[in-house]
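Reading through the structure tokens given below for one structure.
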Amino acid sequence: MRAPEQLGLYLLRQSDHCFPLGRDTLLLGAFATLRRGWRVCDLGCGGGALPLLLLGRERGLTVTGVEIDEADAALARRNLAENGLAGEIYAADLRRVREFLPAGGFDLVVSNPPYFTQGSGSSGGPARMEERCTFAQVCTAAAYLLKSGGRFALVHRPERLCALLADLTGCGLEPKRMQMLQHSPAKPPSAVLLEAVRQGRAGLEVLPVQYETR
């Protein structure tokens, strides 16, 4: 087992198998718009880091996770339970959410999806490759789950920004907020945070660059 991580009030247990907690997940957890009483779904929740981060910001949430790997889904359930938190974690393929979750049932969907397309030559390990689903399929699932006016927050690679925006708008998810992440002013952006609104009006707010401290 990897060493556990303290996420504010909550302890995140990590297995050797589960994708490790990274700075991108931490920043996404702080970036997503959140309101008390919201219903939140994490697509590809892994061991449950994002649900813990969001519940650390606002305890009055109803959280749901979808994770295709059964061991990771079990770990996410354990992380919620051991922190005294409630939530529903489905060990399922996010491309099949129509079979077990309601249309328009969520105020917020979050995701830290695979970054690299198959055959791109980029590294990052199997968990970072689009072996099981594409970003367009993640957008399709998010659009199905969100109510009108609901939000989809994600983190991804900046070199894919054009395709990300096209996939979002193609699913009726209007990009509304964007923030680049950089290690230093001398370095190019390493990641991009995006938030889109289901059936939202056009108009994108570009936030100041967030510098990632180590």
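Ignoring ligands, DNA and RNA, what accessible area per residue does the chain give at 1.4 Å, in Å²?
For the chain, the per-residue accessible area is 47 Å².
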(request) Quickly rank 72-82, 185-195 as a protection proxy: mean count of other C-beta atoms within 10 Å, highest first. (result) 72-82, 185-195
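Is it possible to state the helix-based mean residue ellipticity at 222 nm for the chain, with each DSSP H run of 4+ residues giving -39500 (n - 2.57), the sum divided by total residues, to the nearest 500 deg cm²/dmol? What is it? Intermediate results must be reported in sequence, preceding the final value.
On the way: 5 runs with 52 residues, N = 214.
Computed mean residue ellipticity for the chain: -7000 deg cm²/dmol.
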(request) Evaluate the relative contact order of the chain (contact order divided by residue number), counting alpha-carbon pairs under 8 angstrom at least 6 apart; express in whole percent. (result) 16 percent
(request) Convert each backbone phi in the stretch 99-114 into a coupling constant with the Karplus relation 6.51 cos²θ - 1.76 cosθ + 1.60 (shift: θ = phi - 60°), then list the ³J(HN,Hα) values in order as whole Hz, x for Gly and Pro. (result) 7, 9, 10, x, 5, x, x, 10, 8, 9, 10, 10, 6, 10, x, x
(request) Take the solvent-accessible surface of the protein heavy atoms, probe 1.4 Å, and return the percent of it on the stretch 131-186 that carbon and sulfur atoms account for. (result) 53 percent
(message) Which three extents, in angstrom, do the Cα atoms of the chain have along their principal axes, listed largest first?
(response) 40, 39, 34
(message) Taking 4 °C and 1.567 mPa s as the conditions, I'd like the Stokes-Einstein D for the stretch 23-89 in µm²/s, using the Kirkwood hydrodynamic radius from alpha carbon pairs.
(response) 111 µm²/s
(message) For Ser15, what residues show an amide H to amide H distance below 5 Å, using hydrogens built from the backbone and excluding near sequence neighbours?
(response) Arg2
(request) With an 8 Å cut-off on Cα pairs and a minimum separation of 6 or more residues, tell me the relative contact order of the stretch 1-108 in percent. (result) 26 percent
(request) Give, as a single signed number, the net charge of other residues whose beta carbon lies under 13 Å from the beta carbon of Val66, with Lys and Arg counted +1 and Asp and Glu -1. (result) -3
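The values are calculated or read from the model by the stated rules, or taken from the named source; none is laboratory data. It should be emphasised that the depicted structure is a prediction, and the values quoted were computed from it without experimental measurement. Don't worry about glycine lacking a Cβ; one is built from the backbone with ideal geometry, like all the others, and counts go over all protein chains shown. The accessibility values were calculated without ligands, DNA or RNA, using every heavy atom of the protein model including side chains. Shrake-Rupley method; radii C 1.70, N 1.55, O 1.52, S 1.80 Å.
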